[in-house]
Amino acid sequence: MDPIIWLAIVFGLGFFAYLVYTGQFKWLLGVIRNMGLGIAGILGLNALLAGIGFTVGVNIITVLIVGLLGFPGFFLLYAAQLLVR
């Protein structure tokens, strides 16, 4: 395997261990929860708006935006889509 991948894995595990050790694991769980809810929300709203051709793609960037920003990030994605349209 590529050394960069191993470095990313070691860095990720180290960061995870740091979060668990310092008690900041709740923050990470909140981000993961927001990501899951954000994906479900995007897919649900895309299903409703697909008839008019107004959808937002689900990719790593959109998932991270919704995960870190929460509900305002969800609206930010659709507002940005309006501007691009």
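Each reported figure results from applying straightforward, stated rules to the coordinates on display, with no laboratory input. Every value quoted in this text rests on a predicted model; they were computed, and no experiment measured them. As a convention, Cβ positions derive from the backbone with ideal geometry for all residues, glycine included, and neighbour counts pool all protein chains shown.
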*Using a 10 Å cut-off on Cβ atoms, rank the peptides 76-83, 6-13 from the highest mean neighbour count down.*
76-83, 6-13
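Go ahead and run the numbers for FRET between residue 75 and residue 27, Cβ-Cβ distance against an R0 of 30 Å, rounding to 0.05.
Working: r = 22 Å, r/R0 = 0.73.
Taking R0 as 30 Å, the efficiency between residue 75 and residue 27 is 0.85.
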*For the chain, what log10 I(q)/I(0) values come out of the Debye formula at q = 0.16, 0.21, 0.22 1/Å, with one point per alpha carbon and no solvent?*
-0.73, -0.95, -0.99
_Estimated 222 nm signal from helices in the chain, with DSSP H stretches of n ≥ 4 weighted -39500 (n - 2.57), rounded to 500_ = -27500 deg cm²/dmol
